[in-house]
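Read the structure below first, then the notes.
The values are calculated or read from the model by the stated rules, or taken from the named source; none is laboratory data. Predicted model only: the values in this text are computed from it and were never measured. Every residue, glycine among them, receives a Cβ derived from its backbone with ideal geometry; neighbour counts consider all protein chains shown. Note: accessible area is taken over every heavy atom of the protein model, side chains too, but ligands, DNA and RNA are not part of it. Shrake-Rupley method; radii C 1.70, N 1.55, O 1.52, S 1.80 Å.
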Amino acid sequence: MAKNEKRTGFPGSARRRGRSLWKRRALISAALGASLLLSALLTLDLLPVSAVGFGGRQPQLGDISDRDYKAPAEITIVDQEATAELRREATEGAPVVYDFDERRRQSLESRLGEAFNAGRASLVAEAEEESAQAAEPGVAFREALGEEIVVPDRSFEYLMSNRFGAEDERLILQLVQPVVSRMIVGDPVEFKRQREKRLVVVRELGSGNERRLTEQDAVLTIESAQELVQKAATRHLADVDSKTRKAMLSIARVLLHANLNFNLRASNGRKQAAEEGVKEATISLRKGEIIVRDGVEITKRHELVFNGIREQMRASSRAEVFVGVALLLMITMAVVWRFGTRSLPRFPRQNKDALFILSALVFNTIGIGLGLFLCDAAGQTPYFSALVEENPGLMYFVIPVATATMLVRMVHNAETAALFAIMVSLLAGLQVRQELPFAFYTLAGSLTAALGAAHVKQRGTLLRAGVRVGMANALVIVALGLLEGQIHPVSLLISMALGMVGGLLSGVLVTGFAPIAESVFFYTTDVKLLEMANREQPLLRELEMRAPGTYHHSMMVGHLAEKAAEAIGANALLVKVAGYYHDIGKMRRPHFFVENVTIHHGENRHDRLSPSMSARIIQAHVKDGAEMGEKNKLAPPIMRGIREHHGTSIIRFFYEKAKELADPEKGDLVAEHDYRYPGPRPQTRESGILMLSDSVEAASRTLADTSPSRVQQLVQRIINNYFRDGQLDECSLTLRDLHAIARSFIETLSAIRHERIDYPDATDAEGKKLEDVPDEGLVERVEPRQKDRSERSGEKRDDDLKRLGLP
């Protein structure tokens, strides 16, 4: 089925195209999402920092303008303080509403008539002996008049004695009617205060009509109303006796109540309407109109105009700026990614790498934003306020802008880190008020960080790299000071110190973030590789115990590969560690591999197997190694070395043996692909070096003649065979690299397999050759020395060799 798919190109190629299309879409989606998020961080004030496009130091109140400031466009600015003052004045001047009950006179006349009629009716009923059914005259009178009117007892006794006469009713009405028809206020103090401050509107409850209260309108108090009743009694009760006058006057006084009352709800409504009716106080500017001239002191009005222009421009163009920045970032990312993948062989091409780089950009932007916020907050404290006024950007040098680039360099190559540093610098320049000097500051520090984090063999290397970044920061700060022509010794020294601290912080932060990046994105740093290279690792210890020959072979392969990688500038540490683990799959069936079969005490188990079965067993160690690696959670680069260290090469020994045993007349056919490893072929330079190192080290053990020329022939033959077989086609090893690798192999193997001097036989003092002289030191390690040396010297040589483990 696999052959048919490969031949026709339909099902398999369709799946590959589908996977490629999905990866491309995922990459585009991730880049678009990162562009939108970065644009939002830069333009929508998601972080407490200045938005892009609205930068520059704004003149402050009391400053002297250093140039003419003009309106950038026709603009209208709302003066919030003036508007609030106008609204306050409007609410204070809003009229208050008082309700006037003009129906009070009619109501009083009606109630007073009903009270007198009820009293007279009660008297009549009482005279006709119907007291059981009728109420007492006093009770009936008071109920009809109302509970709020309390008639004095003496006056009530007079009315009873006078049998609630009609003349008494007329006299009382004559006293109160002229007074209750006028406005009587209950709280004269508050009324006077309100009337002095604002307009008073009187609303008639009966008709609903409203009218303004003028100065000519007299408003009575309860006391003044009682005085009027007293005067009326003098006129109308002059002909009656004193007893009647006192009773009528006391009753008239208790009938007087306030009929002009304050309406809080209606008054508040008038205040709200007055406030809503006030128009905003605005300042209108034409395009190009001078706001403040050079040399003029900045006033409060100037500050208001500057703030208004800034906010209005921010609000009017925020959407356009957001889209523009997002589009700019998307284009820049696409160009950088295309340039890297097309022009740089070692540039990462997997979606995982793109996601890591985009995440690093986003988190770096967030970090710088928070750093700007903290620096601005610190700049407002008394300790730094004076320095910040003199140099507004001084505090920003402490921000560890090189952190992300240092982290990228730890997990990727120098080319990737350089491109990332450029992107970080552009974003930092946009964040810090579009300042180009800060972009240069970030670029210099980031490139220095990438240089210092190139080969991190221990955690302290990051701190040293941070110190180098700090020194680069200090030099750039000096250069920027010279460029601006403002060299203040104290400010310069503080800026340099802050730059040093910022560089050191970068190293410290990367020390903490590196393990997170390793875990989340499955990256393998040099520190992780060094931990895996420890020969006390459980997997290596198990390999040494179960397959000692394979273990020593792996150690030699790692050494060969490391030297070869150093010769061509590849990752020497990675290929060395991969060499240690590349054959761990042989632990599952160690005795089927010749390096683990002792010559005298073991047997070659392949002698009893068919060539095809032997090939399957040999092939299986790649799959077994991958399974063991996954079980032990080995790093992805090490897993790649395990899977690719044989590529799809042929198992030549058993393939040739199978062809010898095959009988063409019986139809025996030997398929070459049955004797090839499953692959894949090496995809990286390190995997290619590992493949060559594995074969060269194994083949060198068969050399009887280990002279440099013989070693050179062996190395060249193996490399040429792999080259002709196409095993190196998918890795980026060049012919120059292969020449350098071959030279490294020859030098290393010649040093390892060098010829040794044939030591002469032992002789006595006279130069006579000694026979069967025992090695007492070695005998002691096997068996305690015998006291009788004569017996010991008479033993045979063969017995001594047996003690050394030889037959």
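Once the whole set of protein chains is in place, how much accessible area is left on Val78, using a 1.4 Å probe, in Å² to the nearest 10?
40 Å²
Would you list the P(r) distribution for the range 209-295, with all Cα-Cα distances sorted into 10 Å bins from 0 and each bin expressed as a whole %?
Distribution as computed: 11, 22, 17, 14, 11, 8, 6, 5, 4, 1 percent.
Give, in whole angstrom and from largest to smallest, the semi-axes √(5λ) of the equivalent ellipsoid of the range 529-575, with λ running over the eigenvalues of the Cα gyration tensor.
Values: eigenvalues 100, 32, 5 Å².
The equivalent ellipsoid of the range 529-575 has semi-axes of 22, 13, 5 Å.
Which percent of the accessible heavy-atom area of the range 300-454 goes to carbon and sulfur, probe 1.4 angstrom? Numbers along the way, then the final one.
Values: 4780 of 7000 Å².
Exposed carbon and sulfur together represent 68 percent of the surface.
Quick check of the Kirkwood formula: for the range 71-197, what is the inverse mean of 1/r over all pairs of different Cα atoms, in Å?
Numbers: mean 1/r = 0.0516 Å⁻¹.
The Cα-based Kirkwood calculation yields 19.4 Å.
When only DSSP loop residues count, what GluC sites (Glu not before Pro) in the range 578-676 have their Cβ near at most 14 other Cβ atoms within 10 Å?
Numbers: sites: Glu595, Glu603, Glu627, Glu630, Glu644, Glu656, Glu660, Glu665, Glu672; in loops: Glu603.
Qualifying residues, ordered by number: Glu603.
In vacuum, with every alpha carbon of the range 195-353 counted as one equal point scatterer, what does the Debye formula give for log10 I(q)/I(0) at q = 0.11, 0.18 Å⁻¹? Two decimals, please.
Rounded to two decimals, the profile gives -0.85, -1.17.
At q = 0.15, 0.26, 0.32 Å⁻¹, what base-10 log of I(q)/I(0) does the Debye formula yield for the range 446-493 when every alpha carbon is treated as an equal point scatterer in vacuo?
After summing over all Cα pairs, the log10 values are -0.49, -0.86, -1.09.
For the range 352-450, what are the per-bin percents of Cα-Cα distances with bins 5 Å wide, up to the bin holding the maximum?
Answer for the range 352-450: a P(r) of 2, 15, 24, 22, 16, 10, 6, 3, 2, 0 percent.
Please calculate how many Å² of accessible area the range 603-754 carries per residue, with a 1.4 Å probe and no DNA, RNA or ligand atoms counted. Show your work: numbers first, answer last.
On the way: 7990 Å² over 152 residues.
I get 53 Å² per residue for the range 603-754.
Filter Lys528/Lys586; Lys352/Lys576; Lys271/Lys300; Lys528/Lys623; Lys457/Lys528; Lys352/Lys631 down to the pairs with a C-alpha to C-alpha distance above 18 Å, please. Mind dumping the intermediate values first?
On the way: Lys528/Lys586 24 Å; Lys352/Lys576 25 Å; Lys271/Lys300 30 Å; Lys528/Lys623 24 Å; Lys457/Lys528 9 Å; Lys352/Lys631 22 Å.
Violating the 18 Å limit, Cα to Cα: Lys528/Lys586; Lys352/Lys576; Lys271/Lys300; Lys528/Lys623; Lys352/Lys631.
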